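Before any comments, here is the structure.
Read-outs throughout are calculated quantities, based only on the coordinates presented, and are distinct from any laboratory measurement. Since the model is a prediction, treat every value here as computed from it, not as a measurement. Here the Cβ is made from the backbone with ideal geometry for all residues, glycine too, and neighbour counts use every protein chain on show.
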Amino acid sequence: MDTSHFALLHTTLNRVSALDQSLTARLAHAMHIQHYPANATIFACGDTVKTVSFLLDGIGRYFYLDSQGNERNKSLVQPGGAFTSVSSLVTGCPSPFATQAITHCTTAKIHYSTLLELSEQHVEVATFVRCLYERLVIKKEQREAAFLMQSATERYQAFLLEFSDTCHQIPLRQVAMYLGITDVALSRIRNQLGLT
């Protein structure tokens, strides 16, 4: 791993939990850098996922595909996030969803078994893994609450805050799917907010 990727990795991992450079170096030694062009599949629905890919640069998404071929965005990912399927990691079953690069993405990929081994050897890595799971649960709780308690306009305004640095890179179609609304409804909301 070159020094620029190492610096990005160190910054990315420290967004989750404090790791010194020597532990980052141990993790980096077990990782490999992967580049995905825009629209590339990171893993497909039905794949058995055995890795965690930390997003160093770019924007990606998690999505479900129904039997008619309709896509529904589960989540959007920006630098500091990760691509994996926890259900697939833990049970060995195929992933029920897919992931895709929206823009060019750079990831640092590690096998989950290696991450667990390192967490057994280093309490700081164990804390890091625990913090990853805590962040995932909190994000899921917030998204659930948003769908149950907020209007589509409020969800869009929250999206603009959360993705303030990257929202201009995300196609509006992807934003609409993430918000659970149609392209037309998003256009109407953007017009009402004076954003068109």
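Nearest 10 degrees is fine. How inclined is helix 183-192 to the longest principal axis of the chain, computing both from alpha carbons? Rounded to the nearest ten degrees, it is 80. For the pair region 12-77 / region 117-159, the C-alpha centres are spaced 15 Å from each other. The string of couplings for region 96-103 from the Karplus curve (6.51, -1.76, 1.60, θ = phi - 60°) is x, 9, 10, 10, 8, 6, 7, 10 Hz, one whole number per residue in order, with x for Gly and Pro.
For volume of the Cα convex hull per residue in Å³, the choices are [x] 174; [y] 132; [z] 122; which was calculated from the structure? Comparing each candidate, only [z] matches the computed number. Relative to the dominant Cα principal axis of the chain, helix 123-149 is inclined by about 10°. When the chain is treated as a Gaussian network with alpha carbon springs shorter than 10 Å, the biggest mean-square fluctuation among Ser151, Ser95, Ser53 belongs to Ser151. Rounded to the nearest whole Hz, the Karplus-based 3J(HN,Hα) values (6.51 cos²θ - 1.76 cosθ + 1.60, θ = phi - 60°) of region 36-48 follow the sequence 10, x, 3, 6, 6, 7, 8, 8, 9, 4, x, 6, 8, with x at glycine and proline.
Arranged from fewest to most other beta-carbon atoms within 10 Å of their beta carbon, Thr196, Thr51, Thr114 become Thr196, Thr114, Thr51.
Expressed as a rounded percentage, what relative contact order does region 107-196 have, with Cα pairs under 8 Å and six or more residues apart?
Averaging sequence separation for qualifying contacts and normalising by length gives 14 percent for region 107-196.
Ignoring lysines fewer than eight residues from Lys140 along the same chain, the ones with Cα atoms less than 17 angstrom from its Cα are Lys74.
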